[in-house]
Amino acid sequence: MLRRMRRVFRKLLLWFIAVAILGLSFPTVRSQGQIAFSIDSIFSPLADAKSPGLAVLVRKNGDTLFERGYGVRELRSLAKIDAQTNFRLASCSKQFTALSIMLLVHDGKLDYEEKVTDVFPDFPAYGKAITIRNLLNHTSGLPDYEDLMDAAEKRKGALIWTPTSQIQDPEVLNLLEKETAGKFAPGTQWSYSNSGYVILGLVVARISGKPFSEFLRERIFIPVKMSQTLAFEKGKNEVSQRAYGHSKEGTVWRETDQSPTSATLGDGGIYSSLNDLAKWDEALAQHTLLSEEEMQLALTHAKLTTEAQPKWPANSDRSEGTPVSYGFGWFLDPYRNHPRMWHYGDTVGFHTYIQRFPADRLTIIILCNRTDLDPESLARRVSDLLLH
């Protein structure tokens, strides 16, 4: 009996030694279950089977750690949100626009130092100093096209654009071409610019000779196998399993899916799902479309000609004067001393957030088809669970 116990003890000892050497741990499955429970507890109180909701994806070390939908895509059929549900990404689209430009540079068809007037010769003189790099990192000084829309409507004394008669990308270019100066000399300040990213989408179309939506499909979505993702153009394509945007008025939900600016592409017109964004995340991790060296340019923060630290300007959604770090389509400031690349999307009916910690191989994606949720703060709560 004693001999048998010794043999059992010896086997157990050898097993524990092997566990220690291999870095294995038998509570791993349980701890992952606990993590999933903790993540779910953040989101499950936020939506029910009769409310708009959100989709959440957490990836760690190249694998999906958590993936879940909450609430419904729209209130007519009450179809549930899941990993195939397509949300409007809003400004999270900018990372795809930036990569499209980078692919053209890779092809030798474009240079970061080319000027707006090199691509659009009819653009007024103030465009001679604005480079493609300025457009990418929000240092161009281009006027905000929504401000220009308001001014045009005031001059006319009537609405020009509505949710059913939306401004198109060429009209944005036309508004900018009527101006004689930017908000500041290019490179001297930082100011988040939807105008710049609409122009970048038009640059892709002009240089490639293809519609921007087609370039995205051929050069990014098909190679990465993002079969549901597209730049939505009403009357030209359809969004499968589409989530519709909503806003809450008192206790009542109202569908608020489109605005006068919802048809522009380069600044926010892409729809995608958790399934496809997981593929996008893996493509970024594996440098599927661009080499690590080429991609590093997107992860280099904008520098001003004045050598000053870029800061959020007045009338932004952040505190004025707060330092900002932006590359090509990504914000780049760290969180809890962990290097981070991230972006938010905020448009009528939708709030979105994509956050990647490359060194930790951690990605958190939250897509909401309602405007009363703050996916950025929710993502921070998930980060706090997983970062050490």
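The values are calculated or read from the model by the stated rules, or taken from the named source; none is laboratory data. In this text, all values refer to a predicted model and were calculated from it rather than measured experimentally. For neighbour counting, all protein chains shown are included, and Cβ atoms are generated from backbone atoms with ideal geometry for every residue, glycine included. What goes into the accessible areas is simple: the full protein's heavy atoms, side chains included, and nothing from ligands, DNA or RNA. Shrake-Rupley method; radii C 1.70, N 1.55, O 1.52, S 1.80 Å.
Just a few scattered comments:
- Scanning region 246-262 for any residue that is in contact (Cβ under 8 Å) with a residue 24 or more places away in the chain and among the aliphatic types (A, V, I, L, M) turns up nothing.
- Top-ranked residue in region 216-263 [being open to solvent by 30 Å² or more (accessible area, probe 1.4 Å) and among the β-branched types (Val, Ile, Thr); ranked as nearest to Phe96 (Cα to Cα)]: Ile222
Residue-wise test of (1) in a loop (DSSP other than H, G, I, E, B); (2) more than 30 Å from Trp253 (Cα to Cα).
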site: Ser91; (1), (2): no, no
site: Gln95; (1), (2): no, yes
site: Thr117; (1), (2): no, yes
site: Leu136; (1), (2): no, yes
site: Leu142; (1), (2): yes, yes
site: Lys154; (1), (2): no, yes
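- Filtered by the rule that a residue be touching a residue at least 60 places away in the same chain (Cβ under 8 Å), out of contact with any Phe, Trp or Tyr (no Cβ under 6 Å at 6 or more places or on another chain), more than 30 Å from Asp360 (Cβ to Cβ) and surrounded by fewer than 23 Cβ atoms within 10 Å (Cβ to Cβ), region 47-74 gives a lone residue, Ser51.
- Residue count, region 264-298 (criterion: part of a helix (DSSP H, G or I) and surrounded by 14 or more Cβ atoms within 10 Å (Cβ to Cβ)): 16
- Residue list for region 321-351, restricted to those being in contact with a Pro (Cβ under 9 Å, 6 or more places away or on another chain), of a type in the set (Phe, Trp, Tyr) and open to solvent by 20 Å² or more (accessible area, probe 1.4 Å): Tyr344
- Residue list for region 357-379, restricted to those being surrounded by fewer than 18 Cβ atoms within 10 Å (Cβ to Cβ) and of a type in the set (Lys, Arg): Arg361
Here is a yes/no grid of residues against (1) modelled with pLDDT of 95 or more; (2) over 18 Å from Asp346 (Cα atoms); (3) not hydroxyl-bearing (Ser, Thr, Tyr):
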{"residue": "Met226", "(1), (2), (3)": "yes, yes, yes"}
{"residue": "Thr256", "(1), (2), (3)": "yes, no, no"}
{"residue": "Ala308", "(1), (2), (3)": "no, yes, yes"}
{"residue": "Ser316", "(1), (2), (3)": "no, no, no"}
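- Among the conditions (1) surrounded by fewer than 19 Cβ atoms within 10 Å (Cβ to Cβ); (2) touching a Cys at 6+ places or on another chain (Cβ under 6 Å), the only one that Ile354 does not satisfy is (1).
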